[in-house]
4 protein chains.
Amino acid sequence: MKVAVVGASGYVGGELLRLLLAHPNAEVVQVTSNSMAGKAVGRAHPNLRRATALRFVPHADLKPAEVTFVASPHGESMTETPALLENGGVVIDLSADFRLRDPALYPEYYHVTHPHPELLAEAVPGLPELYRDRLRTARLIAVPGCVATAAILALKPLAVHGWVAPGPVVVDSKSGSSASGRDSGSAGLHAERSGVMRAYAPAGHRHTAEIEQETGLTVALSCHGVEAVRGVLATCHVPVNRSVSDKDLWKLYREAYGKEPFVRIVHETEGLYREPEPKILSGTNYCDLGFASDPHAGRVVALAALDNLMKGAAGAAVQCFNVRSALPETSGLEFLGLHPI
Amino acid sequence: MKVAVVGASGYVGGELLRLLLAHPNAEVVQVTSNSMAGKAVGRAHPNLRRATALRFVPHADLKPAEVTFVASPHGESMTETPALLENGGVVIDLSADFRLRDPALYPEYYHVTHPHPELLAEAVPGLPELYRDRLRTARLIAVPGCVATAAILALKPLAVHGWVAPGPVVVDSKSGSSASGRDSGSAGLHAERSGVMRAYAPAGHRHTAEIEQETGLTVALSCHGVEAVRGVLATCHVPVNRSVSDKDLWKLYREAYGKEPFVRIVHETEGLYREPEPKILSGTNYCDLGFASDPHAGRVVALAALDNLMKGAAGAAVQCFNVRSALPETSGLEFLGLHPI
Amino acid sequence: MKVAVVGASGYVGGELLRLLLAHPNAEVVQVTSNSMAGKAVGRAHPNLRRATALRFVPHADLKPAEVTFVASPHGESMTETPALLENGGVVIDLSADFRLRDPALYPEYYHVTHPHPELLAEAVPGLPELYRDRLRTARLIAVPGCVATAAILALKPLAVHGWVAPGPVVVDSKSGSSASGRDSGSAGLHAERSGVMRAYAPAGHRHTAEIEQETGLTVALSCHGVEAVRGVLATCHVPVNRSVSDKDLWKLYREAYGKEPFVRIVHETEGLYREPEPKILSGTNYCDLGFASDPHAGRVVALAALDNLMKGAAGAAVQCFNVRSALPETSGLEFLGLHPI
Amino acid sequence: MKVAVVGASGYVGGELLRLLLAHPNAEVVQVTSNSMAGKAVGRAHPNLRRATALRFVPHADLKPAEVTFVASPHGESMTETPALLENGGVVIDLSADFRLRDPALYPEYYHVTHPHPELLAEAVPGLPELYRDRLRTARLIAVPGCVATAAILALKPLAVHGWVAPGPVVVDSKSGSSASGRDSGSAGLHAERSGVMRAYAPAGHRHTAEIEQETGLTVALSCHGVEAVRGVLATCHVPVNRSVSDKDLWKLYREAYGKEPFVRIVHETEGLYREPEPKILSGTNYCDLGFASDPHAGRVVALAALDNLMKGAAGAAVQCFNVRSALPETSGLEFLGLHPI
């Protein structure tokens, strides 16, 4: 498959390239970046120095490909993607521009009126665990945000089974510094970021809408930055309307995800990694799910960990690419992860 | 004042010594440690090399002092403290052994029957913001846990004013590695701890009981370890029974803590440190409080940050010592903190 | 090829398993660990949970395999390896026990008399770049220490060409926390290790002997621990006996390593990664070499970066396994590395 | 003493303010910053929120003060300082603009012709250990670079005693991220900086000239960035012309610095902090010196650790201020440092 990557000089773009250059069925034909136009890929992504001789081209030089991955900043894709679709190819968009089905949410969460609401209805969320069948024929795939993917996978089985009591579900997320990208300014400086527990969005974060859309629950999301480069942990505090045991939760999650190649249930009785831990997921496409019942508070704590650049972005995109291209779903995504790291 | 420190070779003991050796009204007469007996204080606490010529003595050699700070592991103080009190001195206990007023909670949370329930009624919590008057004459002071102090200070005004709706308050805490102490085993290894977002106690953590005792609320506490050495951030997700604005919250917290020397309200409109951040509190005795209203979810997010070894342990103990000794409350606790750090 | 791993519960053992379980030509038949005997591999190495159903067996239960990797602590291999060799298999030893050809160096550097000096003469260093031919038929392969491998690869071409002036070569190494292993005690605690620049061996480090053995130079080695999990950077300060330009150095290193699959020359004019940087080598088998000429001081600075668990241990061992087994040298070692990480 | 701080919004400026606002004999009357003009000091330096009501003024509004601290970027001070001196006050310059006595070195190391060579002869290095008498009456004080201060203090006694053999002294430095300041761009991003061992200047670094000026030795300096916020460790590899024992080195350094308030000799036989370690110096004005003799290589390894914002910049400036103002030299600099941190 001939593929192109738009906005390829950022962290997500680099991760897409790392995966696609090593993918047995992908041929990267173009990578665009206005800021790095003319430079070798290895200059932006030093881990890829020997892996490719490709150079960045300006966005304006983009030519049609069978599949185009869009890793542009939010707001750019919504104007540029329609033209890509007219060329007949598939678009896998990693920005937020086609994630929300309800156009009315764009003014509320992104302060913009969406120029192509008709495409919002068509776009399929890049969540194979929920939309595998629709992804097989999708023309436009919208990969959810990293925190949203984690929370959705943790919450969906509880929501589907009707175990959630009235009242908001609290999602308290922790994420690493790569989520801020390369233009994070002073907020991203090591001297400012090391050792933080930064409540950068205690309320009102944009991923709220995505989680609510996919789960049907009311969500109270608070986002924190902590010292890690990759990784998201979503701690979901779920009020439940019945007594729920560990056994119940094992059964629930096994039924939901037992056959999923990239969802693992992690809930052991001992060990440092007895619950999901993003640290050991760096470079992998896993979303690890764990849980604890808290009868004292009538709550289930559902935990989801992933690598924000992988299952939270580029890895999910390649997984969708595999599904859409009728390839083995794990192609190019077999890395087991490092320990220690 | 002649003071002694029991269990002085650990991290909390070291922080006590750092404060007391520089305190204008304290004279450290004895420091005990069985494991380090005979060694110079500087061997355990390299920052104190030049500050003192004291050496550790075995616990058995402890002599009465005017004030004895107890930084022993949980379970030791409950048997040893009664003898200290009989000698007529004041005991400031930093362990969990006298924190809970209800003896029935010790079997539940600590798997032990408390041998001196009569002292539980007498012990005064080491929270000057709530118990200043009683602390002035207390014989036994029980400094709360670091997560508990943070959550209590954040939640108490909301609870007192009756703004909290039914249903549990979710407290999602993040803490640094020094909270595990020097004997944390492989869980504390740098290679295992760096970059983690470890949900080490998703439910059932012991500090739950302390927070409930002081606030009267039902608490759903989840504890995480993140990569930092010092610091606790308690993100408290509080269901509210009315519409609450930022202005309301400013007023609430100002009335509660406007005159407190070590509680600061931090809630700015911009900047990296617009909400409480433990990173810049290292070495200080501040508890910074912030908040966000989340009308979408009918919630207030109350944030509390502190240094777990300072306001979460040794600093609070010295603040109590100052209150108990009728000294200026900020004596020896004036350090402003470092930035960057 | 049927392979076994002795001492498989440590960090090096875990990395060997990660590589061997995914290796197209290796079948792991046994893994030994006395401390973890009976437990699943995933308990020690959480990244391998789904990759294998193997359980650790006691060392005493070890059976002959075609190739046995020994990742025991220094001192154990020298007594156990002879028996392994008698069984007819190949031994790839990752400890220090067969690294030094001169038996007289063991008392000096390891405080032990070597029980099998005859095997020291036979053992082939696990450096394919220097010993590829001998490795093809070796019975006993001794993988060098991580700092030694880095320094040897950086220094060897300069030594071979006779450019080094009299006087010692200074090797100033920096290494990450995984080099200390899982039993590093309080030295390895996150609270003690974060942010350090620890001169743990300013002089006299054991790797001195290995570097001198392979280069013929007099070496002044100083070892530092810094905050990273993986990675070694060896900064080699080499007095030179002639004027040496960047062009000379490019030529020197290209001739020496231009065809090597795992040695890259990194020396660019701009960019954050213009010189070798271990950070982006995590999980890869590369040794990146760079350099700077310093005519002011009559010196060449040669830089070598690698992942201490990979090219500095397990990766080098698998590379040797490939050479010894007449497999493609890069089998199982193709990982490109992550950025950012 | 009425003091002003020029360029007060950077990290060095913030550290100066932290010290001066708490200094018993200093009154900060003006702080300048063009980029932050009009904003409160606490906006740039969140640790100082409660400590002052000062706001930044533009540089152009600066008025004469008794002592003016200049924390401008290199190149600005050399044009602006002459006017400050004409007003009759004392200038303590923390930039590089008056550090080198030989005007010919400015084109070589800074690519600029110095506009006021006459002031280079007058400027006194901000090293009380070497220039205390001249500092008492100095009009212009030039605080050395952080790496230079560390290396000079470590090397000077060896140089003075004539123990150094011919050939360059290798200084291999490691430093934390705050040394790059707030405008470090992508090089300073957490995602790029965490866990690095970055050889950012393997040869030719500007501090070479300062170290050579003060020691008379030929210096081969290589500079590395590692993961820490504050801190410099200079590992000085010194060829010696005689046999040197630990006892000799103790004597040498004790004689040189035994009475110095901010130089400590750290060289113990055991413990994690047996040699100088910048980690535990954060916030302190100490320069810790250690050493190891390496008879194998005819070398002494001299180690110097300091906090780059303190003894490497602002702390040294305040120490000079104390000397110049006939105050106790430790005024405002008594902080003992934190452990763990």
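FYI, it's all coordinate maths here, none of it is from the lab. Computed from a predicted structure; not experimentally measured. Here the Cβ positions follow ideal geometry from the backbone for every residue, glycine too, while neighbour counts run over all protein chains shown.
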With a Förster radius of 60 Å, plug the Cβ-Cβ distance of B:Thr218 and D:Ala83 into 1/(1 + (r/R0)^6) and report the FRET value to the nearest 0.05.
0.35
Under 13 Å from the Cβ of D:Ala313, count the other residues' Cβ atoms, weight Lys and Arg +1, Asp and Glu -1, and hand me the total.
+1
State the antiparallel share, in %, of DSSP beta bridges confined to the protein assembly as shown, rounding to the nearest 5.
50 percent
Shielding by partners - mean other protein chain Cβ count within 10 Å, residues of A:235-242:
3
Tell me, how many Å apart are the Cα centres for the stretch B:279-341 and for the stretch C:136-174?
52 Å
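I need the per residue convex hull volume for chain A, using only the alpha carbons, in cubic angstrom as a whole number.
Given the Cα convex hull of chain A, per-residue volume reads 136 Å³.
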FRET efficiency (A:Arg50, A:Ala165; Cβ distance; R0 41 Å; to 0.05) is 0.15
Among beta bridges that DSSP assigns inside chain B, antiparallel share in %, nearest 5
50 percent
Quick check: Cα centre of the stretch C:230-264 to Cα centre of the stretch B:52-110, how many Å?
61 Å
The stretch B:146-306, relative contact order [Cα under 8 Å, separation at least 6], %
29 percent
Burial-style ranking of A:188-197, A:95-104, A:111-120, average other-beta-carbon count within 10 Å with highest first, yields A:188-197, A:95-104, A:111-120
Cβ neighbours within 10 Å from other chains - mean over B:46-58:
4
Give me a single rounded figure for D:283-290: the average over its residues of other chain Cβ atoms within 10 Å of their Cβ.
2
Sticking to Cα atoms, compute the Rg of the stretch B:106-171 to one decimal and its Dmax as the biggest Cα-Cα distance, whole number, in Å.
14.4, 38
Provide the convex hull volume over Cα atoms per residue for the stretch B:1-67, in Å³.
68 Å³
In Å, the C-alpha Rg and Dmax of the stretch D:2-122 are 14.8, 46
Mind grabbing the base-10 log of I(q)/I(0) for the stretch C:127-238 at q = 0.19 Å⁻¹? Debye formula, identical points on the C-alpha positions, no solvent, two decimal places.
-0.99
Once the principal axes of the Cα atoms of the protein assembly as shown are found, what is the range along each, listed largest first in whole angstroms?
80, 75, 66
antiparallel share of DSSP beta bridges within the stretch B:2-122, to nearest 5, in %, is 5 percent
Helix A:11-21: angle to the longest alpha-carbon principal axis of chain A, degrees 0 to 90, nearest 10?
70 degrees
Could you work out how far helix B:246-257 tilts from the main Cα principal axis of chain B, as a 0 to 90 degree angle to the nearest 10?
30 degrees
If Rh is defined by the Kirkwood formula over all Cα pairs and Rg also comes from Cα, what ratio Rg/Rh do you get for the stretch C:146-308?
0.97
I need to check one value: relative contact order of the stretch A:1-151, counting alpha carbon pairs closer than 8 Å and at least 6 residues apart, in percent.
19 percent
Between 0 and 90°, nearest 10: helix C:146-160 axis offset from chain C longest Cα axis
40 degrees
With chain A treated as a Gaussian network of Cα nodes joined by springs under 10 Å, which of A:Lys247, A:Lys63, A:Lys156 yields the largest mean-square fluctuation?
A:Lys247
For a protection proxy built on the mean count of beta-carbon atoms within 10 angstrom, sort D:41-51, C:34-44, B:309-319 highest first, please.
B:309-319, D:41-51, C:34-44
Could you order the peptides C:261-267, C:148-154 from most to least packed, using the average number of other C-beta atoms within 10 Å per residue?
C:148-154, C:261-267
For the stretch B:10-42, list residues with backbone N below 14 Å from a point placed 7 Å from the Cα of B:Asp61 toward its Cβ?
B:29-41
